[in-house]
Ligand SMILES: *Cc1c(COP(=O)(O)O)cnc(C)c1O
């Protein structure tokens, strides 16, 4: 039996992508004021901006779209969705939202007040923003191994349990919940081990504080546990996911990730009182509790997608295709967060462009250079995104699920290596104007006058 890991699907419907000239890309970047979020998608050849909502759905999901029941109340699609979520996540209350951040907003609005503290292994940008929006403080407690991008460790997404214990002891009554993000997106798409999640759960519960998972990539995290954590090689990904979720009191989820859908999310809790308050808010801003912020067809697509994300052939291909990109560029000397993450490769822009200081946005400079060189869109995760809270200057190349083939990735590798060879010519940027929250989406930028 050959050992090549292949895409475990064939292509039934295609979407053309268009090449542009370098002059066209320069014009697009100038019009976008050097912010790739403002570049039209048609002017992008390979879009690695995000793996969120950009995946391809399966024939079973499209079939689900057709049978979706669009009734306002009591839709037939609602129990299909609720039961699929319960089957994997196991929590008593399931609250459908239009995407992950809506679940976050409802959760933090109900649980947090000004002056509170919310610890997380690493807050994702929308999670941090929603914590801060209610006046609470978002504190990142990554494990020590996460600090050095070049050092490989099987579970770099882990939380620093001793730091959590200390924080909970010193801030009694001020921590309404602890979040654990699996996989740790902003920390490099790195997984959290079951041992670490267990220790975090025990610490939380010893202090009487509930634990919520930011479960966006629960399936990819389960796959890494199966591959790397002693004792789990023979466990099915779904059983690993269930074991992890059983350690928590609830979760937030973006179905645009391991829900394999183009839109959607949910909030889960085991707390009856909180659930009632959350449903009241849901009705105010999202919709009736049997559909939340979603169409009936979305509920069906997500119900199918959650289980497809746990398929072993799919997960093996997914991990292999992301690692393929990371291994090929790192072998040629490009500094990346090691080991490759579950959904993305993170280039260490500080090491790639040592002549560009953090204040001159090296991650943005590199992302823009990749766009100019090959029409590839990526995203900075660094000073533009997190301002003073940035721990690293990264460029994330997120791989959409079931969308690109190996030749697309070969093209990406070739482009990155071309840019790497000419990295000394890349100059920094300055911020012309930025919003107070999530400023990277809309910031207007300009090249520094001193660009070499
Ligand atoms: C995407 C994401 C979110 C937010 O979900 P949206 O669907 O984009 O609103 C929250 N946490 C993590 C870790 C994510 O990756």
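Taking only the C-alpha atoms of the chain, Rg followed by Dmax gives 21.3, 62 Å. Taking 0.36 nm per residue of separation and subtracting the current Cα-Cα distance, fully stretching the chain between residue 17 and residue 144 would add 41.6 nm. Please figure out what share of the DSSP beta bridges in the stretch 59-308 is antiparallel and state it in percent, rounded to the nearest 5. Approximately 50 percent, going by the DSSP bridge assignments. All distinct Cα pairs of the stretch 59-308 go into the 1/r average, and the inverse of that average, the Kirkwood radius, is 18.1 Å. At q = 0.17, 0.22 Å⁻¹ the log10 of I(q)/I(0) for the stretch 135-206 amounts to -0.62, -0.98, computed by Debye summation with a single uniform scatterer per C-alpha, solvent ignored.
Here the contact order of the stretch 228-327, divided by its residue count and restricted to Cα pairs under 8 Å and six or more residues apart, works out to 26 percent. Taking the longest Cα principal axis of the chain as reference, the axis of helix 194-206 is set at about 50 degrees. Kirkwood hydrodynamic radius of the stretch 303-347, from the reciprocal of the average inverse Cα-Cα distance over all distinct pairs: 11.4 Å. Any chance you could check the Cα centroid distance between the stretch 140-197 and the stretch 220-237 for me, in angstrom? One Cα centre to the other: 19 Å. What's the angle, to the nearest 10 degrees (0 to 90), between helix 100-111's Cα axis and the longest principal axis of the chain? Relative to the chain, helix 100-111 is tipped by roughly 50 degrees.
Rounded to the nearest 0.05, the FRET efficiency derived from the C-beta distance between residue 284 and residue 389 at R0 = 30 Å is 0.50. Contact order for the stretch 44-171, expressed relative to its length and based on alpha carbon pairs under 8 Å spaced 6+ residues apart, stands at 15 percent. Once the Cα atoms are used to define both axes, helix 22-31 deviates from the longest principal axis of the chain by about 60 degrees. Packing-based ranking of 172-178, 121-127 yields 121-127, 172-178, ordered from highest to lowest mean Cβ neighbour count within 10 Å. Over the chain, DSSP H runs of length four or greater, each weighted -39,500 (n - 2.57), average out per residue to a 222 nm ellipticity of -12000 deg cm²/dmol. Take the Cα of residue 133, step 7 Å toward its Cβ, do the same at residue 5, and the gap between the two points is 3.6 nm. With 0.36 nm allotted per residue and the present C-alpha distance subtracted, the residue 59-residue 166 stretch has 33.6 nm of extension available.
Mean sequence separation of contacting Cα pairs (under 8 Å, at least six apart), scaled by the length of the chain, corresponds to a relative contact order of 23 percent.
Read-outs: derived from the displayed coordinates by stated rules, not from any lab. Note that the structure is predicted; figures quoted are calculated from it, not measured. Positions of Cβ are generated from backbone atoms using ideal geometry, with glycine treated the same way; all protein chains shown enter the neighbour counts.
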